Structure formats: structure tokens, C-alpha cells
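Here is the structure we will look at.
Values quoted throughout were computed directly from the atomic coordinates according to the rules given, and no laboratory measurement underlies them. Fair warning: this is a prediction, and the values are worked out from it, not measured in the lab. Here the Cβ positions follow ideal geometry from the backbone for every residue, glycine too, while neighbour counts run over all protein chains shown.
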Amino acid sequence: MKVAFYTLGCKVNQYDTQAVTESFTAKGFETVGYYMDADVYIVNSCTVTAESDRKTRQAVRRFKNLHPDSVVVLTGCMPQAFPNTAEELPEADIVLGNRDYDELFRLLEQYFSCRNRQVQITPHITGAAYKGTALMGAGITDFKERTRAAVKIEDGCDRFCSYCIIPYARGRVRSKPLSELKTELESLETAGFAEIVLVGINLSAYGSDTGKTLCDAVELACSFEGIKRVRLGSLEPDRITDDMLERLSGQTKLCPQFHISLQSGCDETLRRMNRHYTVSDYETLCRELRSTFKGCTLTTDVMVGFPTESEDEFYESLEFVQKIKFEKVHVFPYSPRTGTKAAEMKPQIAKAEKEKRSRLMIAAAQEIRNEFLESQIGSTVEVLIEGNIEKDVAQGFTPNYTPVKVKGADIPAGVILRVKITGVEDDNCLGVVV
């Protein structure tokens, strides 16, 4: 039988899909692209915004309309957070929450035997232990990006930011045991992955439920000889301590690129968001990161148009972004999310105003990024090649995640080359092999 996967959302969702894919392969299924004919279509949903839900519904309906005799499975964050909404989607033959991936084969067998719709959405339980996504075996042994593998080490979040539905979709913090992580990393090292990205829903909280810390996971990953780089996913600023920085600084394989979630550069807006730090705290952390890690780059997320955000508060946030000089900023307008406190706040900012603020923030962030890329000209860096993007041009990333186009014929993916930066083009540095 053939199975196809369609994944929306973050690296954690991509990891979950990879784990389920490997389980299907082990059961004898053939995995095909979602644009091809398949017996089973699995939609792994995201629910971080209402737009994510719309894309999920659209995908489920499209697969059922195009392949009416195939089984369409809806799983992931949307049914977990909004079970009633998911159950009301008639095109989904099987609806499964993200807590019960291990029930998927049983539900498929039951559906094939009777052709009756199957729905199973089990609520997350506070205090539950980490439960892997793989339906059989431990973790993943492959990843769609052949040089870099994302490895989920943490699930869930205890923060309850006023705009965010994710604690309801993913449950509370749960950390992967180091023994399971070790087994998974052994497989990925054997498969030839040069870089590992540790990811989680609230990655900074890793180990808070087990007596471990994020440093323990990083040190384990860095201990594998075949793994040349270890990178971290998004981090919460108030969980990064001085002790953590000291331990992490001793790991030479740890990439000096840190994505530290900001959301707003205004204290009053942060308070309404139920974020647990001030802009002063954040600025101090950025200064410590840049002084501790050579060549460090800082990236972040910034939300504009949060409910009641005044024009002055927006410009305060904009000025803070310019002050920190992030190497890259993901800017997005606030989107009301049913079930969150922010969705009920008044006044909500008009769409046109949010779009204007987005344009201003994006322009400022891009100006800073351009300056950073230009500053790299003349430097010699190590680039992990990910593949050719055109004839005689390969693309890869430096340890601090600067994208580099490298001129040269037949450069294989997975090698690390010393490259001299010669210019900038289309948000990439240009370079030649030294």
C-alpha cells in the first residue's frame, strides 16, 4: 500500500512526520509524494493561527475530493486543540490527536475492516512522561534534509502566553530521556548527518520535568565524533541562565546562532502577552551571548499589532529591534486565536494598521540584515554544503547560519569547506573555496 504525508507547521511537526513515516515504511508501506496517488493520505496539522486551520481543512478536502476511495487521516495539533472542529470535518476518515500516534495502525485496520469513521483524541495529562512519536522503534534514522536532521527532544509548554493556543495543542513540558536521545543520535550519525538541530515546543524547558537541563542534551549530541555541528531551535530568553551559558560555551561543536524569541520590544506589550522578561533582561542576554560565543548571530520573532498596542508602543518595539541589530527577524502581524485571552482583548488593531506596522518592521530588519551580510565580505568561513541550486553553484550555511552560495563544479552535499566571502546576492553571501 502507498501512503503520502502532508505536513504543516514547525520543525517539531516535521520531526513527528518523519517518525511516523519510518514506522509506515517498517510496516511495508511505500511512501510517495502527496501529489501522487496513494491509499492513505496523512495530514499533520498546525493550529498556531486560524490561517493554519484553514490550510488544514483545505488539504483534507482536497485529498478526499481528488482521491475519494483513499483514506484521509487528520492528525497533529488542530484536532488536539479543537477536537469538535476536527470531528466536524467530514472528509477526514480518521481523526487522531497528537498524543495517540501509536494508535494509528489500529485505527487504520479498523477503518479498512468496516469503513466506519474513526475518531480518537485523548487529552494531554499534566505530569505525563515524554512519549515518542515513532509507532515502532526509537526515534528517527533519517530526515528530509540530507545534511541536517531536526531531533525533537522536548514536547509541550507551560507558559500560556496570552496569544498562544499551543499549550492546549501540545500539553505540558515533557522531556525525552537522554538514553533515547543517545540511541537516536547513534542512528543519525551512522546515516551520515553532519549537523543535528535540537528542537522542541519549549526547548529551553528541556529537563525541567526530569532533573536534567538543555546543556545535558547538547553535551550528549556534541560527544558524537561523526556529528560535526549541533544547533539549537528557538529558545525562551528567561530560561537561559549564566550557568547554562558557561556550560554551553565549552562545546566547540555548538553553532553560535541563537534564535531567542522576543515577540515585542515594549515592556507593556510583553506584560499583556504574559511573557516573563523585560526588554532590559533581553538586552542583557543578547550582550552576554555575543560576548560568550565568537561570531554569534541572533535571530528572533517579532509580533506587531498585538491587541491594544499603541503607535508609541509599536515604535518602542521597532527601536529595540534596531538597537539589538538582530541578524534576522521573522515579523508577523498578530492573528486572533480562538481560546486565548488575547482574542478577547479590546481594542483589536485594524488589519490595515497591522500591515503597515509589519512593513515598517520588516524594512528595518532587512536593512540590518543587509548590513550584516555585507560585513561578511572578505572573511573566511566554514560552510556545510547542502546541495547544488544551479549549475556549478552550491549552497550551504556557516556555523552562525549565514547562507552562502559557493561557486564550483560537483561540490557534494554534506562536506564542510573553507570559503572566502566575496559578495552578497539575494539575501545570500557569495563565496569561493579557499
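Summary table below
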| quantity | calculated |
| --- | --- |
| Long-range amide H partners of ALA134 with built H, under 5 Å | GLY139 |
| ³J(HN,Hα), Karplus 6.51/-1.76/1.60, whole Hz, each residue of segment 406-420, x for Gly, Pro | 10, 7, x, 7, 6, 7, x, 5, x, 8, 10, 10, 7, 10, 9 |
| Per-pair calculated FRET efficiency, R0 = 56 Å: MET36 and GLU311 via Cβ, rounded to 0.05 | 0.65 |
| Average Cα contact separation per residue, segment 380-433, under 8 Å, 6 or more apart, as relative contact order % | 36 |
| Spin-label pair THR210/ALA128, simplified geometry with 7 Å Cα→Cβ offset, distance in nm | 1.7 |
| Top positive-direction residue, dipole computed over segment 148-375 with Cβ charges, set LEU298, ALA364, LEU188 | LEU188 |
| Note, ³J(HN,Hα) from phi for segment 322-337, Karplus 6.51, -1.76, 1.60, rounded to Hz, x at Gly and Pro | 5, 5, 6, 6, 4, 6, 7, 10, 8, 9, 8, x, 4, 10, x, 10 |
| Structure-based [θ]222 nm, the chain - -39500 (n - 2.57) summed over DSSP H runs of at least 4, per residue, nearest 500 | -10500 deg cm²/dmol |
| Neighbour count of at most 16 Cβ within 10 Å plus DSSP loop: longest GluC sites (Glu not before Pro)-free window in the chain | 226-434 |
| Total charge dipole magnitude, segment 209-284, about the Cα centre, Cβ charges on Lys, Arg, Asp, Glu only, Debye to nearest 20 | 380 |
| Loop-located chymotrypsin sites (Phe, Trp or Tyr not before Pro) in segment 143-226 whose Cβ has at most 10 other Cβ within 10 Å (DSSP) | none |
| Dipole magnitude (debye, nearest 20) for segment 380-433, charges at Cβ of Lys, Arg, Asp, Glu | 200 |
| Zone of ILE362's modelled label, taken as backbone nitrogen in segment 266-288 under 20 Å from a point 7 Å along Cα→Cβ | none |
| Segment 148-375 - percent relative contact order, Cα under 8 Å, separation 6 or more | 17 |
| Whole-Hz couplings from phi, Karplus 6.51/-1.76/1.60, listed for segment 26-37; x for Gly and Pro | 5, 7, x, 6, 9, 8, 10, x, 5, 8, 10, 6 |
| Under 21 Å from LYS294, Cα to Cα: lysines that are on another chain or at least 8 residues apart | LYS228, LYS253, LYS323, LYS325, LYS328, LYS420 |
| Loop trypsin sites (Lys or Arg not before Pro), segment 228-312 (other Cβ atoms within 10 Å of the site Cβ: 13 or fewer; DSSP) | LYS294 |
| Percent RCO, i.e. relative contact order, over the chain, from Cα pairs under 8 Å lying at least 6 residues apart | 10 |
| Under 5 Å, built H, 5+ apart or other chain: amide partners of HIS259 | LEU235, THR299 |
| Unpaired by the 4.7 Å Cβ criterion, cysteines found in the chain | CYS10, CYS46, CYS77, CYS114, CYS157, CYS215, CYS222, CYS255, CYS266, CYS286, CYS296, CYS429 |
| Cα coordinate range in the chain, projected on the principal axes (Å, largest first) | 65, 56, 45 |
| Hull shadow area, averaged, segment 200-243 [alpha-carbon convex hull, nm²] | 3.6 |
| Pairwise Cα inverse-distance average, inverted: Kirkwood Rh of segment 313-386 (Å) | 14.9 |
| Hydrodynamic radius of segment 2-120 per Kirkwood, over alpha carbon pairs, in Å | 14.0 |
| The chain - charge dipole about Cα centre, Lys and Arg +1 at Cβ, Asp and Glu -1, debye rounded to 20 | 340 |
| Amide proton proximity set for GLY408, modelled H, under 5 Å, gap of 5+ | VAL393, ALA394 |
| Most positive-pole-ward Cα, SER52, ASN13, VAL32, against dipole of segment 2-120 from beta carbon charges | SER52 |
